[in-house]
């Protein structure tokens with residue numbers, strides 16, 4: 001039997017995440033511009049708005065007591081942020097132009113040297129970095145730390161940053177976005193109120209900016225509601241990373257391709273690793289693999305463990321200790337999967353939730369900041385006297401600016417580079433080189449991609465290759481989740497929507513895919529299907545389940561990982 | 001805790017607040033209090049925090065008391081917080097120990113899911129500390145004379161505004177897992193929910209309580225109130241018997257401060273054997289009933 005995740009859709013309709021305001025008018029929380037997500041995009045938007053409103057007090061006054069608010073589901077800004085990360089500083093320079101704050105951005109310095117390796121099980125071949133992977137002058141950061149810093153600046157600029165606040169529904173009425181509804185707190189597992197129950201609220205705004213990052217819950221609903229689907233389905237990769245304290249400094253950034261992934265196209269294993277120095281005594285390392293993979297035994301968490309046993313990596317980590325862990329999906333559809341428009345009446349989309357990630361260069365944070373700045377400027381223009389953000393097309397200038405900027409120019413150049421790796425590593429590599437040299441003009445053909453959940457499943461003996469956890473170099477999933485700082489309340493309703501009785505292959509796919517051991521195989525029925533047991537409180541909200549046939553929704557505000565170094 | 005306080009040097013006093021409690025004062029003396037302040041007052045009968053905040057705040061002012069230590073309970077936590085606010089004093093909580101370091105008091109506070117112990121101090125007096133229950137063993141100290149001083153607390157009007165309407169106990173046969181000296185805990189290795197009966201029998205024989213791991217609570221085998229671990233309760237009984245528990249770190253952080261840990265598990269590679277004081281590799285379904293029988297026989 002051929003099993004595809006897409007044939008077992010989750011019990012979830014995008015329309016569930018859309019509602020009209022229900023609180024009586026007097027009880028709604030009114031803000032000027034409401035930003036969903038305290039990541040680089042949302043916070044850059046808040047900071048830029050603060051700058052613009054400072055110069056235009058009359059506009060600020062019209063926006064009421066809270067001109068700018070940022071809601072964030074994590075325990076604090078940065079709690080849910082995870083990336084490599086090597087950042088192109090271009091957009092941060094623009095955000096803090098002429099300000100001493102630019103020197104305050106928390107970084108681990110500039111990239112001074114880099115190495116790219118092609119790995120086999122026993123050897124490593126150093127190759128010249130492809131042009132897309134040259135990083136001289138870029139900054140090494142922890143995006144979690146960057147988020148905390150940006151949140152402080154946003155607050156200093158007058159924005160209200162509201163952590164532990166999950167945006168469950170997009171408020172839409174009269175054809176325009178009016179704000180969001182936050183989730184209830186203190187519900188029991190079956191949804192009945194517990195002692196500490198607190199109702200959610202309607203937060204209404206003149207402009208709502210969705211900057212939710214990967215797998216945006218409301219972005220998905222908005223794309224559906226306003227018909228913004230791109231030409232091609234969105235696809236994702238899953239990245240799992242660790243931060244290590246090491247006795248010897250690493251001097252350069254390392255990327256690897258090849259092993260432990262298998263080259264043949266039939267497996268659909270595409271990805272690679274990164275190892276970045278974080279100062280003299282830490283390194284950040286991770287493994288990223290596209291979720292188009294097909295093998296039910298494939299597990300990025302365990303591929304990372306396998307990767308660490310390579311001599312090249314052992315040497316870097318020798319004598320060290322793992323101090324942080326986390327996982328997150330990366331939006332990889334690129335240019336072809338961008339939404340048709342980046343706006344709707346009353347609404348702007350920014351950052352990764354709008355698909356602004358450049359896979360060949362492994363970058364997206366500067367696009368997030370840049371689009372956040374542009375969204376702020378577009379929102380500001382619409383709030384000037386005589387304008388109305390609700391007017392259809394009021395934000396058309398945001399699209400024009402994005403398209404004219406380096407953000408979309410870059411993405412257009414590399415538009416087919418990710419897709420061609422569906423043909424396997426060697427053919428894909430050759431086609432990608434041609435695209436690099438010709439800035440995307442050759443080959444003269446557009447390449448499509450299949451949605452991650454459409455891939456048929458196969459099974460090989462993949463899991464036999466994963467090393468047995470030794471608690472020093474290699475770890476099991478539960479120890480990893482513990483390091484994420486996740487202390488989610490166990491008795492809250494499950495925020496993960498999946499079919500609970502599925503073919504064994506699909507259940508195993510989920511069990512192995514999830515880096516946080518959320519899914520477990522339950523009892524088998526007579527017809528060969530199995531029950532999937534779910535431990536939602538382990539979830540670090542990486543979003544892989546949404547790519548592979550389920551649907552992640554935001555848990556109660558304040559739940560999930562508490563990243564600080566990732 | 002009186003014993004611990006006495007070991008730090010300085011004068012140690014106990015405070016006894018309640019109604020009809022005066023007779024208990026001499027006991028505080030046995031454990032190391034040189035003075036016991038007693039307020040025996042009908043208005044202190046109900047377990048309400050505010051009148052007690054009044055009484056202790058008054059004592060701190062009149063007697064020049066520099067440090068006030070509490071043992072964890074819901075009432076004590078309320079009083080400690082109220083007292084800190086009233087006196088504008090620093091409060092350290094979740095303490096597991098305290099020491100005098102060249103004249104300065106340093107508390108040990110367990111943090112990050114019990115994975116680290118942090119030294120905490122106080123910038124000003126009075127210092128307020130709230131200790132985890134079971135942090136210290138009671139030590140009898142024959143100090144000779146204990147001075148018992150009764151005093152009349154002046155209670156604020158607002159402190160008497162709350163009134164105890166009803167006090168009810170959750171229906172439980174044995175001690176709660178927070179209070180139990182012995183805990184028998186079950187995990188997925190039990191195989192099925194009915195097998196908790198075996199653990200209940202053993203707990204009853206030992207006068208202890210039954211606890212559970214998150215996995216089995218999630219599966220609905222046992223109530224959430226008995227969950228031990230990172231997202232459940234933290235316990236430190238004298239004896240913790242882990243049956244069919246693999247010992248994932250999420251469970252470990254909730255019970256690793258138990259005095260003696262005994263693990264019964266059929267998987268010899270289970271992580272729990274790495275931190276158990278006594279490990280038994282075997283079938284708990286055979287071992288636990290035998291153990292219950294032996295305990296009963298020994299007792300009778």
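Select, from B:170, B:242, the only residue that is outside the structural domain of residue B:82 (by TED's automatic domain parsing), modelled with pLDDT of 95 or more and at negative phi. From the options B:170, B:242, the qualifying one is B:242.
Among residues of the range B:112-131 being in contact (Cβ under 8 Å) with a residue 60 or more places away in the chain and within 14 Å of chain A (Cβ to nearest Cβ), the one that is nearest to residue A:487 (Cα to Cα) is B:113.
I'd like to know if the range A:515-522 contains one or more residues that are more than 14 Å from chain B (Cβ to nearest Cβ), crowded, with 23+ Cβ neighbours inside 10 Å, over 23 Å from residue A:13 (Cβ atoms) and modelled with pLDDT of 95 or more. Don't jump to the end; show me each part of the working.
First, pick out the residues of the range A:515-522 that are more than 14 Å from chain B (Cβ to nearest Cβ): A:515.
Still in the list and also crowded, with 23+ Cβ neighbours inside 10 Å: A:515.
Then keep just the ones that are over 23 Å from residue A:13 (Cβ atoms); that gives A:515.
Now restrict to residues that are modelled with pLDDT of 95 or more: A:515.
Scanning the range A:515-522, I find at least one residue that is more than 14 Å from chain B (Cβ to nearest Cβ), crowded, with 23+ Cβ neighbours inside 10 Å, over 23 Å from residue A:13 (Cβ atoms) and modelled with pLDDT of 95 or more, so the answer is yes.
Between B:50, B:58, B:27, the distinction of being within 21 Å of the chain's Cα centre (by Cα) and either in a strand (DSSP E or B) or in the same structural domain as residue B:74 (by TED's automatic domain parsing) (or both) belongs to B:27 only. When the range A:484-500 is filtered for residues that are closer than 19 Å to residue B:246 by Cβ and surrounded by 22 or more Cβ atoms within 10 Å (Cβ to Cβ), only A:486 remains.
Of the numbered criteria (1) more than 12 Å from chain A (Cβ to nearest Cβ); (2) touching a helix residue (DSSP H, G or I) at 6+ places or on another chain (Cβ under 8 Å); (3) in a helix (DSSP H, G or I), the one residue B:261 fails is (3). When the helices (runs of 4 or more DSSP H) confined to the range A:381-447 are screened for residues that are more than 30 Å from residue A:173 (Cβ to Cβ) and touching a strand residue (DSSP E or B) at 6+ places or on another chain (Cβ under 6 Å), those reaching at least 1 such residues are found at A:406-413. Scanning the range A:523-536 for residues that are buried (at least 19 other Cβ atoms within 10 Å of the Cβ) and in contact with a helix residue (DSSP H, G or I) (Cβ under 8 Å, 6 or more places away or on another chain) yields A:530, A:532, A:535. When only residues in the range B:230-244 that are within 13 Å of chain A (Cβ to nearest Cβ) and touching a strand residue (DSSP E or B) at 6+ places or on another chain (Cβ under 9 Å) count, which is surrounded by the most Cβ atoms within 10 Å (Cβ to Cβ)? Step by step, filter the range B:230-244, then rank; the result is B:232.
One residue alone among A:471, A:485 is on the phi > 0 side of the Ramachandran plot, part of a loop (DSSP other than H, G, I, E, B), without any contact (Cβ under 8 Å) to a residue 40 or more places away in the chain and at the interface with chain B (Cβ under 10 Å from one of its Cβ atoms), and that residue is A:471.
Residues of the range A:320-357 that are touching a strand residue (DSSP E or B) at 6+ places or on another chain (Cβ under 9 Å) and in a loop (DSSP other than H, G, I, E, B): A:320, A:332, A:333, A:339, A:341, A:342, A:345, A:346, A:350, A:355, A:356, A:357. Going by the conditions given, is residue B:23 surrounded by fewer than 19 Cβ atoms within 10 Å (Cβ to Cβ), closer than 28 Å to residue B:162 by Cβ, in contact with a strand residue (DSSP E or B) (Cβ under 8 Å, 6 or more places away or on another chain) and away from chain A (no Cβ under 14 Å)? No. Where strands (runs of 3 or more DSSP E) sit wholly within the range A:86-186, those with at least 3 residues that are surrounded by fewer than 22 Cβ atoms within 10 Å (Cβ to Cβ) occupy A:114-119, A:124-127.
The residues on offer are B:9, B:107, and the sole one that is in contact (Cβ under 8 Å) with a residue 12 or more places away in the chain and within 30 Å of residue A:323 (Cβ to Cβ) is B:107.
For the residues B:189, B:247, the requirement of being in contact with a helix residue (DSSP H, G or I) (Cβ under 8 Å, 6 or more places away or on another chain), in contact (Cβ under 8 Å) with a residue 12 or more places away in the chain, assigned to a helix (DSSP H, G or I) and buried (at least 19 other Cβ atoms within 10 Å of the Cβ) singles out B:189.
Are any of the residues in the range B:276-285 crowded, with 23+ Cβ neighbours inside 10 Å, over 19 Å from the mean Cα position of the chain (by Cα) and touching a residue at least 24 places away in the same chain (Cβ under 8 Å)? Yes.
The residue list A:316, A:275 contains one member that is touching a helix residue (DSSP H, G or I) at 6+ places or on another chain (Cβ under 7 Å), assigned by TED's automatic domain parsing to the domain that holds residue A:509 and at pLDDT 95 or above, which is A:275.
Within the range B:214-223, not a single residue is out of contact with any helix residue (DSSP H, G or I) (no Cβ under 9 Å at 6 or more places or on another chain), surrounded by fewer than 24 Cβ atoms within 10 Å (Cβ to Cβ) and closer than 19 Å to residue B:284 by Cα. The listed residues are A:494, A:480, and the only one of them that is under 30 Å from residue A:9 (Cβ atoms), within 14 Å of another protein chain (Cβ to nearest Cβ) and not in a loop (DSSP other than H, G, I, E, B) turns out to be A:480. Residues of the range A:260-276 that are part of a loop (DSSP other than H, G, I, E, B) and under 30 Å from residue A:246 (Cβ atoms): A:260, A:261, A:262, A:269, A:270. Taken over the range B:198-229, the residue count meeting the criterion of being out of contact with any strand residue (DSSP E or B) (no Cβ under 6 Å at 6 or more places or on another chain), in a loop (DSSP other than H, G, I, E, B) and either touching a residue at least 60 places away in the same chain (Cβ under 8 Å) or away from every other protein chain (no Cβ under 13 Å) (or both) is 1.
The values are calculated or read from the model by the stated rules, or taken from the named source; none is laboratory data. From a predicted model like this one, the values you see are computed outputs, not experimental measurements. Cβ coordinates were reconstructed from backbone atoms using ideal geometry, including for glycine residues, and neighbour counts include every protein chain displayed.
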